[in-house]
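Comments concern the structure below.
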Amino acid sequence: MGPLLLLFSCWTLVGAQTPLFKLRSVTLTIEPATDLLRDANATLWCRAGVSSSGTLTHVPVYTFYKDGTKVFTKKSASSELAYPLLHVRYSNTGKYKCRVEIDGQGENSDTSKLTVTGVSVPLLQLSRSTLSEGEELTASCSAPDETGAFFFYFYVDGREMQDQPARSNRADAQLRFNGGGVRQVHCDYTVMLAPGSTKSNKSNTVTVSVRELSFRPLLEIRPVAEVFEGDQLSVSCRPEGNSNIPGGLLLLLTHGTQLLGSGVDHVNSSITAKESGEIECSFEVGNVPKKATKNISVIELFSVPRLSVSLAEVFAGDRMVLTCSSAVLVARRLTSEDISYALDSKGPPTTELGAGRFSVRAPPHPLSYTCTATARGITKHSQALLVRPKVSVVRPSITVVEQVILGRPFQIRCLSEGGSLPINYTLFRKYEPLNVTTVSTPYQQALFTATIQESDDIKLYMCEAANKPNNEGELSPRLNASVIVPLSNATLTALPAPWDVSEGDALILICGVTGTPPVTFKWYRKDGGAQLLFAGTANGRSMAHRIHAVSRDHSGSYYCEAVNHARNPVRSQTVLIEVRLALWKKGMIAASCLLVLCVAALLCVLHFKSRRVTEDRTTSSMWSVRPATAVVLKKGTDTVYTELQNAPPSVVADAAAAAADHEYGSLQYADLKNTHPLLGPDEDYNHGLPVPVD
């Protein structure tokens, strides 16, 4: 127990000397505000929220960040630390945060943005304020007290001359001045700060005096009066003034982009006036360019020719006339005979008709033509004329869009596989035009609606395609298409005849129609409702349904329906089928009846003999009278045949056969109680018989 108690005491002592703590939060605030003007003072406060069981033994470390970059760090035993920003500048604009770390525990604050508005006014300084033309001076532009990345701009008389990037707040530029006079110089700058920038105001303005050189170029052009195309111009270029320069001056004489000549100290040139423009005489002294310019206005002798075609619509292979002409001619200098025209083409050969007219056959594909007009050594070219010959239509085809059903509207399509749009399509019936439609786009179709009442009328239709102004077109062949005749006259035929069908027979139900096959047939039996028996499709106008062996249950009413592609169902009449008994059943009934009659007759004979024997044994010697028994044949509840049983056997047999032939249902025997149906009840059936003698 001693060591354990000592260890517990040590642990208690250490625990009592090391307090527990928790870094709960870190906050950053910017004072006095987050939006400040330049030169204001700002303070960034970083505060740490710590929970502790005693006095902290570890000193917190505070770190400040601007736009993710560490800018300041310091240890402080206080729960807050200030980071001062004195005389803030635009470069202090950014997103700030701070971090606090205590003995391995660290926490970041939220981000706060500081915005500083305004930059200092730039300051411009020049190395000199007076200089000669062509000399240079140094201009210095600075942004006092500003930091960051800069772009400096230098201006002369309000026009930007140079821009200079700099990593510091100052930039220098070398400025050169051409021409004499007074110049006004100033500068400004832009501070670059991601993700934006800000520009300063204009700096102070400095005046510079520039002395012009004592000589300049002299340009002379003759004649000075009006100048026409083709006139010869004499041009001279030389320096004027003090030009005692070692080695002389190199003079250049130009007209637009064309170099007319060059030389030392002077240049003379003779040119043909062709177009108006500026002529320039120039040279350089050191780095100073000098020039003199004059503008010459050249009057046209004739205007640029224009090429036209005689036809509004040109079809491949057609003969066309191309005309080249100039709308303007200076009559006092030029006549129509002084100007000539030529046609430039890589197409078929042309025939010149005179006066700028040319005959040519239109090519099968697009082709460009140009022409030239020439007079007094001046040649002018027309703009290109693109001729796009049209293609004549080919013989069109005529088809139907869908099935043709007699008596119903259908659509006819007319199509020419070749030919330039637009194409006019005309539908004819018996060579008489019915309707016209124009196809103007590649995906448009020429469709017509028609109706026929007879199948052969389909061949009366034709169509014409035309795309020429004179309406010369191509006629299609006659329309050839299958015509569907709607169904009619539906009939149902039974084999054998409906009244002659017996059990076991094969019953054939034939459904026939008038119309165009294929036809779909359906057979129905009326049994409280329509009961479908069979359905099938035939390529003819009739079809049979066979019932192989009928029974009495097949008796009933039957009908059929039919439909073809015209979708107009037709229905037949109703046929009543009565299935009779089979012949063998009739024979069995007849045989049964005959057997019954024979048995009845035998019983009667036996009974009669039995009574005779009894009477013979009695003391009375009188005749005995046998009871009269009748054969009664019944059908249902009706008595249809009666015969005395004491009739001869042949009569009884005939009665049984008659019962079988008439399908009577039962054969009965009745005791007439000595009463004959042909006699009255009071008449003696034994009248006239001999009286027995004892």
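Tabulated data for the structure shown
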quantity: Under 18 Å from Lys390, Cα to Cα: lysines that are on another chain or at least 8 residues apart; calculated: Lys468
quantity: Extension reserve of the Phe608-Arg413 stretch, reckoned as 0.36 nm per residue once the Cα distance is removed; calculated: 60.0 nm
quantity: FRET efficiency for Lys22 and Lys74, using Cβ-Cβ distance with R0 set to 25 Å, rounded to 0.05; calculated: 0.65
quantity: At R0 = 60 Å, FRET efficiency that the Cβ-Cβ distance of Ser592 and Glu313 yields, to 0.05; calculated: 0.05
quantity: Solvent-accessible area of Phe283 with every protein chain in place, 1.4 Å probe, in Å² to the nearest 10; calculated: 10 Å²
quantity: Solvent-accessible area of Met588 with every protein chain in place, 1.4 Å probe, in Å² to the nearest 10; calculated: 110 Å²
quantity: Separation in nanometres of the label points that stand 7 Å from Cα toward Cβ, at Thr370 and Leu532; calculated: 7.9 nm
quantity: Charge dipole of segment 289-408 about the Cα centre (unit charges at C-beta), most positive-ward option of Ala327, Phe315, Gly377; calculated: Gly377
quantity: Average accessible surface area per residue within segment 395-550, 1.4 Å rolling probe, Å²; calculated: 54 Å²
quantity: Under 23 Å from the Cα of Lys66 - lysines, other chains or at least 8 residues apart; calculated: Lys74, Lys75, Lys95, Lys97, Lys113, Lys199
quantity: Alpha-carbon centroid distance for the pair segment 276-291 / segment 515-562, whole angstrom; calculated: 111 Å
quantity: Span from the segment 23-96 Cα centroid across to the segment 426-461 one, whole angstrom; calculated: 91 Å
quantity: Heavy atoms of Thr537 accessible to a 1.4 Å probe, total area in Å² rounded to 10; calculated: 90 Å²
quantity: Solvent exposure ordering (accessible area, 1.4 Å, most first) of Arg567, Arg429; calculated: Arg567, Arg429
quantity: Distance (nanometres) between label positions extended 7 Å along Cα→Cβ at Ala225 and Thr441; calculated: 6.5 nm
quantity: Of all accessible heavy-atom area on segment 268-311, the percent that carbon and sulfur account for (1.4 Å); calculated: 42 percent
quantity: Within-15-Å neighbourhood charge of Thr379 [Cβ basis; K, R +1; D, E -1]; calculated: -2
quantity: Cβ-based net charge around Ser359, under 12 Å, with every Lys or Arg adding one and every Asp or Glu removing one; calculated: +1
quantity: Ser336-His548 pseudo-label distance in nm [points 7 Å out on the Cα-to-Cβ vector]; calculated: 10.5 nm
quantity: Whole-percent carbon and sulfur share, accessible surface of segment 349-411, 1.4 Å; calculated: 52 percent
quantity: Per residue solvent-accessible surface (Å²) - segment 70-118, probe of 1.4 Å; calculated: 55 Å²
quantity: Cβ-derived FRET efficiency at R0 30 Å, Ser127 paired with Glu240, nearest 0.05; calculated: 0.40
quantity: Of all accessible heavy-atom area on segment 74-140, the percent that carbon and sulfur account for (1.4 Å); calculated: 42 percent
quantity: Segment 400-414 and segment 570-610: distance between their alpha carbon centers, rounded to Å; calculated: 65 Å
quantity: Rounded accessible area per residue of segment 167-319, 1.4 Å, Å²; calculated: 55 Å²
quantity: For Glu284, distant residues with modelled amide H under 5 Å away; calculated: Leu250, Lys290
quantity: Straight-distance crosslink candidates among lysines, where the alpha carbon sits under 27 Å from Lys274 and sequence neighbours closer than 8 are dropped; calculated: Lys290, Lys291, Lys294, Lys380
quantity: Length-normalised contact order for segment 162-203 - Cα pairs under 8 Å, 6+ apart - percent; calculated: 25 percent
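The values are calculated or read from the model by the stated rules, or taken from the named source; none is laboratory data. This one's a predicted model, so the numbers in the text were calculated from it and none came from an experiment. Every residue, glycine among them, receives a Cβ derived from its backbone with ideal geometry; neighbour counts consider all protein chains shown. Accessible surface areas use protein heavy atoms only, side chains included; no ligands, DNA or RNA. Shrake-Rupley method; radii C 1.70, N 1.55, O 1.52, S 1.80 Å.
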